[in-house]
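The block underneath contains the structure these notes are about, expressed in structure tokens.
Nothing in this text is a laboratory measurement; each read-out follows from the coordinates by a stated rule. None of these values were measured; they are calculated from a predicted model. Here the Cβ positions follow ideal geometry from the backbone for every residue, glycine too, while neighbour counts run over all protein chains shown.
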Amino acid sequence: MKIAIVNGPNLNLLGTREPNIYGNTTFTSYFETLQQTFKEVELMYFQSNHEGALIDKLHELGFSFDGIVLNAGAYTHTSIALADAVRAITTPVIEVHISNVYQRETFRHHSYLAAAAIGVISGFGLNSYHLAIEAFIKKPV
Ligand code: DQA
């Protein structure tokens, strides 16, 4: 099984960015934990701060991977183009957020991606990614 994690803007700064919201762990080190935990899964990780690069990556992975775990960061709340890309590919996408976006500012309550994704996981810290991978393993689509 091949699962990709695609992270959007500012998520390269995990570990130092607003640690009270996003924690102290870098994504690179958390990705190693995920690889140790899900040894049977071929995991890949991509991060970009650029909307077009994220769309290109969805196009590249989205016809051969079994699942994409997408944290589009703030583009979640703004990008119709990313939502169209999620709809354009055949690989199912789970939208994830580290924070519980519904406990935060109202502009974070709307997601353009949610209706195109097979599901949304929000508010479990980095464990949101773990839960999304489990969802793909337990319910292959
Ligand atoms: C986030 C929530 C978004 O609202 C925010 O813009 C992010 C991170 C999260 O993982 O909690 O960059 O996607």
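Looking across segment 78-126, the residues that are near the ligand (Cβ under 9 Å from one of its atoms), surrounded by fewer than 18 Cβ atoms within 10 Å (Cβ to Cβ) and more than 13 Å from the chain's Cα centre (by Cα) come down to ASN100, ARG104, GLU105, PHE107, ARG108. Within segment 98-141, being under 13 Å from VAL69 (Cβ atoms), out of contact with any strand residue (DSSP E or B) (no Cβ under 9 Å at 6 or more places or on another chain) and assigned to a loop (DSSP other than H, G, I, E, B) holds for one residue alone: LEU126.
Determine whether ALA135 is within 10 Å of the ligand (Cβ to nearest atom), touching a residue at least 40 places away in the same chain (Cβ under 8 Å) and aliphatic (A, V, I, L, M). Taking the combined requirement at face value, the residue does not satisfy it.
For segment 1-39, name all the residues that are more than 11 Å from the ligand (Cβ to nearest atom), free of Cβ contacts under 8 Å to residues at least 60 places away in the same chain and over 17 Å from the mean Cα position of the chain (by Cα).
Kept after step one, since they are more than 11 Å from the ligand (Cβ to nearest atom), are these residues of segment 1-39: 1-6, 15-16, 19-20, 24-26, 28-39.
Going one step further and asking which of them are free of Cβ contacts under 8 Å to residues at least 60 places away in the same chain, we end up with 15-16, 19-20, 24, 26, 28-29, 31-33, 35-36, 39.
Selection gives THR16, PRO19, ASN20, ASN24, GLN36, LYS39.
Of everything in segment 30-61 that is surrounded by 12 or more Cβ atoms within 10 Å (Cβ to Cβ) and small (Gly, Ala, Ser), the residue that is nearest to GLY125 (Cα to Cα) is SER48. The set of residues in segment 62-77 being away from the ligand (no atom under 16 Å from the Cβ), surrounded by fewer than 20 Cβ atoms within 10 Å (Cβ to Cβ) and hydrophobic (A, V, I, L, M, F, W, C) consists of PHE63 alone.
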